[in-house]
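Here's the structure we're looking at; comments come further down.
The values are calculated or read from the model by the stated rules, or taken from the named source; none is laboratory data. Small disclaimer: the values here were computed from a predicted structure and weren't measured. Positions of Cβ are backbone-derived with ideal geometry, glycine not excepted, and every protein chain shown enters the neighbour counts.
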Amino acid sequence: MAIAELTPPQIASRPEVALAAMQVVYKRPEALTEAYTHYCPGCSHGVIHRLIAEVIDELGIRERTIAVAPVGCAVLAYEYFTVDAAEAAHGRAPAMATGIKRVLPDRIVFTYQGDGDLASIGTNEIVHACARGELLTVIFVNNSLYGMTGGQMAPTTLPGQVTTSSPYGRDIRQQGWPLHITEMLAMMPGVAYAARRSTHAPAEIRKAKKAIELAFRAQIEGLGLGIVEILSSCPTNWGLSPMEALAFVRDKMVPVYPLGDFKVHQALAARA
Amino acid sequence: MEKSVIFAGFGGQGVLFAGQLLAYAAAEEGLYVTWIPSYGPEMRGGTANCTVVVGDEPIGSPLVRNPDIVVAMNLPSADKYEPLVRRGGLLVLNGSLVKRPVQRHDIDVIVIPANDIAESLGSVKLANVVMLGALIGATGLLPLSAIARALAEHLPERHRHLLAANEEALRQGADFAMRMWPEVVAAVSV
Amino acid sequence: MAKTLWKGNEALAEAALRAGVKAFFGYPITPQTELLEYMARRMPELGRVFLQAESELAAINMLYGTACTGTPAMTSSSSPGISLMQEGLSYIAASEVPAVIVDIMRGGPGLGNIQPSQGDYFQVVKSAGHGDYHAIVLAPATVQEAVDLMYISFDLAFKYRHIVIILGDGTLGQMMEPVEMPPFKEVNGGEPPAWALTGAAGRPHRVITSLYLSAERLEALNLHLQEKLARIKENEVRYDTTMVEDAEYLIVAFGTVGRIAQSAVRQARTTGLKVGLFRPITLWPFPERELDALIERVQGVLVVEMNAGQMLEDVQRVVKDRVPVHFLGRMGGIIPLPDDILPALHTLCGLVRSRNGHRVRPVPA
């Protein structure tokens, strides 16, 4: 009797048939290791790692990809990807990635950087990597503060946001405005793709994956540097529950950091 | 044998190149040689100088306080280096620009109107090579032919059309010095 | 092969090409800029990578990235730029990737000036970055020696997976001397070593990191580095001597000052002073045993440097209180000439008691 003709109770009563009937619809991407991540409950880094790994698998580039990990919460990112990886000094990932890509131009090189790393100590390196149009992919995770050091103010901290180094709330007269670095970088001719996405809802996560794919395609197709800024939750340092943190991203961060594409190279536009 | 030479003048007078010609020629002759420029802010428009040390043994110090020979192409250089020439040494002065009498009596001096000779050959820019010719003519430090070969090899591309004029400048500088000091003619004409 | 006249900076660059360098990252700074300019011209000619970085910080981190791929790469700079590179040097040392750095020193501290100096001895020899390690430091005295040391620097860097710094000063960078250039060769047979990041094709993925969150693992790394440094110390000491066989007094000087001191030694010998010269070529590892053996035979030591007495501390460490150690140092871009060293030698030899004008100072034991 064909499986399709069996009723569910009949299938359940015959385990060998049940196993044969199952299909793999969700699995660990090959580009992810089996390590447990060290990220806090409710943190978006794990989701973003998975999106990158899925894109690497789907593009079939795992064996020729080299990652550059940052300083910050994702400092151990190299433990979670089954690609070759180097660990950069704080902010220097784009310089290090440049050094790799320039001597191995047929490899796919990506950096994974937080907002303290990329938008503060590493502004010089990212700006000039973009200015040179380095063929790199940059995954820029913005959670509005320095996570690993315990929640200090970053250039991306929202006006009025309380952090351990802005205990009275970020006062723009004293501490300036949030830095919209992705919009700034999008202006540069060397940048082929620049977008901001979020991880606060499943639909947003799907959009983030698409953007990550385009940021890799910009490199693979030799169009220029691709950068995706991804708004990420930090329940631990925000003092919120995971669900409250996602609401914070949606209600507080997105209004300051609007989602969308800031630059799409015309060769990518059809896929965007 | 070890001889130290300082070439000094205004930036743009070609003193660094004159020193290099001497160094190239010395290297070509199989001698040990060092060439070192002053490379401070004075590069920009002020005075420039370089030191060349030539010897038949490895050179220790590439710099000297009291050089054996000074080639001074302008008045500030003459004022600065005349007192420093080693006793018994040689001072080659550009008489076209240094109009004052020489103070020292314990050194040999050649005063050569280098700018005038250079202009008569078509360009005041040849004055550095006239001065170098005078130095060779007066000392026989190296064969004149070695300097001529260095010129042919190292004259920058943009000055290539001036090669013949440079060779003539070198010869006239040497002739001028040899007329002053005929006893070195034999050594130089090798 | 015939000798040709080369400027120090350009000779270093050409020697690096012949030694097999495949990538150069740099940033302009006097007095080493000719090295960068030469590379800008020649590297593309040879199909190799040249990139002018946005800062010395970026340059050293680009070098770090390239080094992770097992590709021979280098940078060059001068004192203030080397200060900026300290960060990258420390990561490179911890990650154990090979890197060659040229430092053509200028006067400091601060912006200082662009004249020759040896003021980087501390920052290059003692602490090229935070943490417990020393870079291999090679100090050439002539343009030919600069070429010869550059030619072996990548081999050393790859052999030990470590940093090699060629330490010269503005004099060496700017001067011209006849040089015999060595033939072109490849580092490590032109192949990336087994540890290199090349993409995890058909093998487990590799990671190059300087992060060791476990104290035990970080200590283990440090012990491993110390063991490696001990091997370097055992095998890589280089030095030169002049007329030390019968010397009663010894000058110790390195780099440009070393060759200047050689002139002073020759002149002193003509006046009957039995003086010799000890010139360390590796500043790290410092030739301790070799200097120690000489100290047994001399009555005094004069250290000459273009700084306030930096290598002096290493010499004192070796001499201890066996013989008097005197010091002559010039700073700010002033080069001590043989004429300065001779009176200092006379002071040392007890012939002249006081020449404070030359800033000779006896160093308390």
Practice task
Select the helices (runs of 4 or more DSSP H) contained entirely in the range C:248-346, then report the ones holding at least 3 residues which are within 14 Å of another protein chain (Cβ to nearest Cβ) and within 28 Å of C:Ala128 (Cβ to Cβ).
Solution key: C:255-270
Fill in the blank from the handout: Filtering the range C:149-180 for residues that are buried (at least 18 other Cβ atoms within 10 Å of the Cβ) and within 14 Å of chain B (Cβ to nearest Cβ) leaves a count of 12
Practice task
Taking C:Ser76 as meeting all but one of (1) part of a strand (DSSP E or B); (2) farther than 17 Å from C:Leu172 by Cβ; (3) more than 14 Å from chain A (Cβ to nearest Cβ); (4) of a type in the set (Ser, Thr, Tyr), write down the number of the exception.
Solution key: (2)
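Evaluate the following for A:Gly114: is it at the interface with chain C (Cβ under 8 Å from one of its Cβ atoms), closer than 22 Å to C:Glu87 by Cα and either free of Cβ contacts under 8 Å to residues at least 12 places away in the same chain or not aromatic (Phe, Trp, Tyr) (or both)? Lay out the reasoning, then the answer.
On the way: at the interface with chain C (Cβ under 8 Å from one of its Cβ atoms): no; closer than 22 Å to C:Glu87 by Cα: yes; either free of Cβ contacts under 8 Å to residues at least 12 places away in the same chain or not aromatic (Phe, Trp, Tyr) (or both): yes.
Criteria not met by A:Gly114.
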Exercise for the section: Could you please tell me which pairs satisfy a Cβ distance under 8 Å, a separation of 6+ or placement on different chains, a first residue in the range C:77-96 that is at positive phi, and a second residue that is of a type in the set (A, V, I, L, M)? Expected result: C:Glu96/C:Leu225
Problem - Some residue of the range A:143-166 being among the aromatic types (Phe, Trp, Tyr), in contact with a helix residue (DSSP H, G or I) (Cβ under 7 Å, 6 or more places away or on another chain) and more than 14 Å from chain C (Cβ to nearest Cβ) - result: yes
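Report whether or not C:Gly272 is surrounded by fewer than 24 Cβ atoms within 10 Å (Cβ to Cβ) and under 23 Å from C:Asp120 (Cα atoms).
Values: surrounded by fewer than 24 Cβ atoms within 10 Å (Cβ to Cβ): yes; under 23 Å from C:Asp120 (Cα atoms): no.
Answer is no for this residue.
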Completion exercise
Of the conditions (1) at pLDDT 95 or above; (2) closer than 24 Å to C:Gly333 by Cα, the single one that B:Asp116 does not satisfy is (2)
Fill in the blank from the handout: All conditions in (1) more than 14 Å from A:Asp115 (Cα to Cα); (2) touching a Ser or Thr at 6+ places or on another chain (Cβ under 7 Å); (3) in a loop (DSSP other than H, G, I, E, B) are true of A:Gly169 except (2)
Exercise for the section: State yes or no: is C:Leu172 in a strand (DSSP E or B), of a type outside the set (Gly, Ala, Ser) and farther than 30 Å from A:Val83 by Cα? Expected result: no
Handout entry: Selection from the range C:175-202 of residues that are touching a residue at least 60 places away in the same chain (Cβ under 8 Å) and in contact with a strand residue (DSSP E or B) (Cβ under 6 Å, 6 or more places away or on another chain)
Key = C:Met175, C:Met176, C:Glu177, C:Pro178, C:Val179, C:Leu197
Practice task
Output yes when any residue across the range C:192-209 is within 25 Å of the chain's Cα centre (by Cα), polar (S, T, N, Q) and either buried (at least 18 other Cβ atoms within 10 Å of the Cβ) or under 20 Å from B:Gly60 (Cα atoms) (or both), and no when none is.
Solution key: no
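Whether any residue in the range B:120-131 is touching a strand residue (DSSP E or B) at 6+ places or on another chain (Cβ under 9 Å) and surrounded by fewer than 16 Cβ atoms within 10 Å (Cβ to Cβ) is what I want to check. Explain how you work it out, then say what you get.
Keep residues of the range B:120-131 that are touching a strand residue (DSSP E or B) at 6+ places or on another chain (Cβ under 9 Å), which gives B:127-128, B:130-131.
Imposing the further condition that a residue be surrounded by fewer than 16 Cβ atoms within 10 Å (Cβ to Cβ) reduces the set to none.
So far as the range B:120-131 goes, no, none of its residues is touching a strand residue (DSSP E or B) at 6+ places or on another chain (Cβ under 9 Å) and surrounded by fewer than 16 Cβ atoms within 10 Å (Cβ to Cβ).
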Problem - Qualifying strands (runs of 3 or more DSSP E) (wholly inside the range C:1-55; at least 1 residues being charged (D, E, K, R) and surrounded by 20 or more Cβ atoms within 10 Å (Cβ to Cβ)) - result: C:4-7
Practice task
Kindly check whether there is at least one residue in the range C:248-255 that is among the acidic types (Asp, Glu) and modelled with pLDDT of 95 or more.
Solution key: no
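Listed here are the residues, each with its yes/no results for (1) assigned to a loop (DSSP other than H, G, I, E, B); (2) within 14 Å of chain C (Cβ to nearest Cβ); (3) in contact (Cβ under 8 Å) with a residue 12 or more places away in the chain.
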| position | (1), (2), (3) |
| --- | --- |
| A:Ala18 | no, no, no |
| A:Val25 | yes, no, no |
| A:Pro29 | yes, yes, yes |
| A:Tyr36 | yes, no, no |
| A:Gly46 | no, no, no |
| A:Leu51 | no, no, yes |
| A:Glu58 | no, no, yes |
| A:Val75 | no, yes, yes |
Completion exercise
Selection from the range C:43-67 of residues more than 24 Å from C:Ser90 (Cα to Cα) and over 24 Å from the mean Cα position of the chain (by Cα) yields C:Pro44, C:Glu45, C:Leu46, C:Gly47, C:Arg48
Exercise for the section: Can you tell me which residue among C:Thr66, C:Thr71 is crowded, with 24+ Cβ neighbours inside 10 Å, more than 26 Å from C:Leu283 (Cβ to Cβ) and within 9 Å of another protein chain (Cβ to nearest Cβ)? Expected result: C:Thr71
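Across the range A:1-32, what is the number of residues that are over 24 Å from A:Gly226 (Cβ atoms) and crowded, with 16+ Cβ neighbours inside 10 Å? Even if it seems obvious, please write down each step before you answer.
So the first thing to find is which residues in the range A:1-32 are over 24 Å from A:Gly226 (Cβ atoms), and the list is A:1-28.
Going one step further and asking which of them are crowded, with 16+ Cβ neighbours inside 10 Å, we end up with A:6.
So the answer is 1.
Yes or no, residue by residue, for (1) within 14 Å of chain A (Cβ to nearest Cβ); (2) under 27 Å from C:Val275 (Cα atoms); (3) touching a residue at least 60 places away in the same chain (Cβ under 8 Å); (4) of a type in the set (D, E, K, R):
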residue: C:Pro204; (1), (2), (3), (4): yes, no, no, no
residue: C:Val207; (1), (2), (3), (4): yes, no, no, no
residue: C:Leu211; (1), (2), (3), (4): yes, no, no, no
residue: C:Ser214; (1), (2), (3), (4): yes, no, no, no
residue: C:Glu227; (1), (2), (3), (4): no, no, no, yes
residue: C:Arg231; (1), (2), (3), (4): no, no, yes, yes
residue: C:Asn235; (1), (2), (3), (4): no, no, no, no
residue: C:Tyr239; (1), (2), (3), (4): no, yes, no, no
residue: C:Thr242; (1), (2), (3), (4): no, yes, no, no
Completion exercise
Given the conditions (1) of a type in the set (Gly, Ala, Ser); (2) facing chain C (nearest Cβ under 8 Å); (3) surrounded by fewer than 21 Cβ atoms within 10 Å (Cβ to Cβ), every one holds for B:Gly12 apart from (2)
Exercise for the section: Name, by its number, the condition in (1) closer than 19 Å to A:Ala186 by Cβ; (2) facing chain C (nearest Cβ under 7 Å) that does not hold for A:Pro94. Expected result: (2)
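Report whether or not A:Ala218 is in contact with a His (Cβ under 8 Å, 6 or more places away or on another chain), at pLDDT 95 or above and in a helix (DSSP H, G or I). It would help to see each step written out before you state the result.
Numbers: in contact with a His (Cβ under 8 Å, 6 or more places away or on another chain): yes; at pLDDT 95 or above: yes; in a helix (DSSP H, G or I): yes.
For A:Ala218, the condition - in contact with a His (Cβ under 8 Å, 6 or more places away or on another chain), at pLDDT 95 or above and in a helix (DSSP H, G or I) - is met.
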